[in-house]
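For reference, the structure discussed in these notes is given below.
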Amino acid sequence: MSTVTELIHSIPVDPLTGAISVPIYQTSTYVQEAPGVNKGYDYARSNNPTRETLENIIAQLEGGAQASAFGSGLAAIDAVVKLLQSGDEILAVDDIYGGAFRQFTHIYQKFGINVNYVDTTDVANVLDGITPQTKLIWLETPTNPTLKISDIAAIAKIAQQHNILLCVDNTFASPALQQPILLGADIVIHSATKYLGGHSDLIAGLVVCRTKELGEQIKFIQNACGAILSPFDSWLVIRGLETLHLRVQQHSANALELAEFLQAHPAVDKVYYPGLKTHLNHEIAARQQSAFGGIVTFTLKNDTEDAAKKVVCNTRLFKLAESLGGVKSLLCHPATMTHKSIPAEKRRAAGVQDSLIRLSVGLEQAADLKADIIQALDKLNKAVQEPRVFEYQ
Ligand SMILES: *Cc1c(COP(=O)(O)O)cnc(C)c1O
């Protein structure tokens, strides 16, 4: 059976009523027949049938043994770091999600967990970066916002040889395009806020573990620390997952079309998209992903904040907002938005140039999205910026 059919039918029909949609068990506790005698549920922080359904579906989708659903992507990351002890070290991709960097730096450093950031697009840097204290390798592939690609299978081999856990943040690709556990990773995390939820209407996080043993450790941490996903939000993610493959295929097709178009536009300098043959690790991406995802970034020949602002303030379909992975197209200017807190020199060195623009390509018709970008880029040649017509549609 195909993965898509399996996914759709892994969402169970309610045995009590036959309801085809998963029931939302909005309860805090469960009545027991006698002390300790219950139907497998005792308190809703520990277990909830709606959340459990989501956890089972994502475990299956990622090829893992067990999963846990959290209140946000950052809560999922937090649970994984709590597997470590003071004195342990994390070796992490340098172009890491800003929120993960903040958590590692401002929360975990004071508990004695240090992070060594390296450019993991070259496997040699991973080998060089490992120390006797390294207990966890942290990858994102593709990364945000420059869409760097790292070789999951090669790094998994190194991690196994050194007895180090490998965790991959699979938010950008989603299991519809890439399954890191099947390539050798021990843990996959998600911000389900993005493609898994898929409709820009919730915040959620997931941890999927290759082994039941590791899954139980995460479940213990989740119950001990309490950052669970609510039954209603679990239901919303389940509903999003029903159309995951369909959406991600279309996001990817639209993004590829836009990336190719941008590459040929005279006002555009560089285009970052793993689906382009010019991308540094295109071949690795083509090997480990079935398509290249919905995020495209580009820089302008006029590499200034002003030029980028002119573009992002003049699109009509692409809405100016942080986040990604929803039905509606979004765009943002990392230098003044998501990456504002990073000093300019450091930010530029990481490839986030002043004019870099990130597109989260939605599910509109590609031709309409192209026309929107064309008219916004055309405004670059006009001396006066037209006031933005801010429409809520
Ligand atoms: C958004 C995001 C996160 C954090 O997830 P939240 O749900 O916002 O807490 C982590 N990793 C990546 C790659 C993200 O894009």
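Things to note:
- 15 Å reach of a label modelled at residue 30, 7 Å along Cα-to-Cβ, counting backbone N of segment 43-73: 43-56
- Residues in segment 148-157 carry Karplus couplings, in order, of 6, 10, 10, 7, 4, 4, 5, 6, 4, 5 Hz; the curve used is 6.51 cos²θ - 1.76 cosθ + 1.60 with θ = phi - 60°, and Gly or Pro positions show x.
- Residue 39-residue 8 FRET efficiency (beta carbon distance; Förster radius 30 Å; 0.05 resolution): 0.65
- Average Cα contact separation per residue, the chain, under 8 Å, 6 or more apart, as relative contact order %: 16 percent
- Residues whose amide H falls under 5 Å from that of residue 192, counting only those 5 or more places apart or on a different chain, are 73, 204, 205, 206, with hydrogens built in the peptide plane.
- Alpha-carbon spread of segment 27-132, three principal axes, descending order, Å: 57, 32, 25
- Under 16 Å from the Cα of residue 309 - lysines, other chains or at least 8 residues apart: 301, 319, 340, 379, 382
- With θ taken as phi - 60° and the Karplus curve 6.51 cos²θ - 1.76 cosθ + 1.60 applied, the whole-hertz 3J(HN,Hα) list for segment 185-194 is 6, 8, 9, 10, 10, 9, 8, 6, 4, 8 Hz, x standing for glycine and proline.
- Sum of -39500 (n - 2.57) over DSSP H runs of 4+, divided by residues of the chain (222 nm, nearest 500): -10000 deg cm²/dmol
- Between residue 305 and residue 370, the distance separating the two model label sites (each 7 Å from Cα on the Cα→Cβ line) works out to 3.4 nm.
- Order by protection proxy (mean Cβ within 10 Å, highest first), peptides 325-336, 27-38: 325-336, 27-38
- Hydrodynamic radius (Kirkwood) for segment 245-381, which is based on Cα pairs only, to one decimal in Å: 15.0 Å
- Integer Hz, Karplus 6.51/-1.76/1.60 couplings in order for segment 230-236, x for Gly and Pro: 6, x, 5, 5, 4, 4, 4
- In the chain, the C-alpha radius of gyration followed by the widest Cα-Cα span (Dmax) gives 21.6, 78 angstrom.
- Placed amide H near residue 268: partners under 5 Å, 5+ positions off or other chain: 301
- Placed amide H near residue 166: partners under 5 Å, 5+ positions off or other chain: 137, 186, 187
- Range of Cα positions in segment 76-191 per principal axis (Å), largest first: 36, 28, 22
Where a number appears in this text, it was derived from the coordinates with a stated rule and is not lab data. Everything numeric here is computed off the predicted structure, so don't read it as measured data. Methodologically, a virtual Cβ is constructed for each residue, glycine included, from the backbone with ideal geometry; neighbour enumeration extends over all protein chains shown.
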